[in-house]
Amino acid sequence: MHRPRHVLILGGTTEARRLAAELAADPALRVTSSLAGRVAAPRLPAGQVRIGGFGGPEGLARWLREQQVDALIDATHPFAGTISFNAARAAADVHVPLLALRRPGWVAGPDDDWHPVGSLAEAADALPALGGRAFLTTGRMGLAAFAHLEDMWFLVRSVDAPEPPMPARTEVLLDRGPFTVEGEAELLRRYGIDVLVTKDSGAAATAAKLVAAREAGIPVVVVRRPPAPEGVPVAADPAEAVRWLRASLT
């Protein structure tokens, strides 16, 4: 009797959970999802779950060998850049097929007032010329990039409470998507927001803020995605990832 084929999903995203749910229903597969552990109470996917880092590309390669992983799917957040490069190195070292599951980025429409930047530091540099009350939706990590903007007021939304350093004039809103356009529009009005800061995560669950900003005529500072490893095949959704996996394991 053949052992189940072992699939490791580097997860933490909605797409990763959807993929794990579909693959875990197949008795011919053993599915393990790895979560970074940065969220206190993550939504756990179907199948086996491990939490925490691997110890760089060497540690990941060792885990792939020891656990007899047959395929690796990198379904991490588009801004979790380090793990993607570690996955590419580890998969190449142990000759395990690797796929990147990457949701498409957002695309500005004709009525959007977007200001693309390359980093959180560049976002902070751009802010003072665009507004004085910013809605910061870049997560709880990296708030130090905005800490020096003492004349600005920030509404920071994140799943878990952020830690200092952060801007002195900050109100924290703990919440988790999906969000609605109506809810986001009300938030902009209630707090007098005149500029939005976001990362190009591309998630439909958090795109409502972009629509609300467009309708309110509010500028949006959009942090571009970091570079991804070259030569790694990419799937845009879980269904495409499943097709790749079936082909890779036959």
Looking for whichever is among the aliphatic types (A, V, I, L, M), farther than 30 Å from A71 by Cα and in contact (Cβ under 8 Å) with a residue 24 or more places away in the chain here; the options are V172, V232, V220, V156. Which one fits?
V220
Could you give me the residue pairs with C-beta distances under 7 Å whose first residue belongs to region 62-90 and is under 19 Å from P238 (Cα atoms) and hydroxyl-bearing (S, T, Y), whose second residue is assigned to a strand (DSSP E or B) and open to solvent by less than 30 Å² (accessible area, probe 1.4 Å) wherever it lies, and which are 6+ apart or on separate chains?
T76/L10; S84/D74; S84/A100
With respect to the numbered conditions (1) more than 22 Å from P238 (Cα to Cα); (2) within 20 Å of the chain's Cα centre (by Cα), which one is the sole condition not fulfilled by G59?
(2)
Subset of region 159-187 (residues that are surrounded by 12 or more Cβ atoms within 10 Å (Cβ to Cβ) and at pLDDT below 90)
V159, D160, R176, G177, P178
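Here's the yes/no breakdown for (1) open to solvent by 30 Å² or more (accessible area, probe 1.4 Å); (2) among the small types (G, A, S):
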{"site": "A91", "(1), (2)": "no, yes"}
{"site": "H115", "(1), (2)": "yes, no"}
{"site": "L127", "(1), (2)": "no, no"}
{"site": "A134", "(1), (2)": "no, yes"}
{"site": "F154", "(1), (2)": "no, no"}
{"site": "R157", "(1), (2)": "no, no"}
Tell me the residue from R38, R3, R62, R30 that is more than 19 Å from R243 (Cβ to Cβ) and exposed (fewer than 15 other Cβ atoms within 10 Å of the Cβ), please.
R3
Listed by range, helices (runs of 4 or more DSSP H) wholly within region 1-115 having at least 1 residues that are on the phi > 0 side of the Ramachandran plot are 56-66
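The values are calculated or read from the model by the stated rules, or taken from the named source; none is laboratory data. Not measured: the values here are computed from a predicted model. Reconstructed Cβ throughout: ideal geometry from the backbone, glycine too, with neighbour counts over all protein chains shown. Just so you know, the surface numbers come from the protein's heavy atoms only, side chains and all, with ligands and any DNA or RNA stripped out. Shrake-Rupley method; radii C 1.70, N 1.55, O 1.52, S 1.80 Å.
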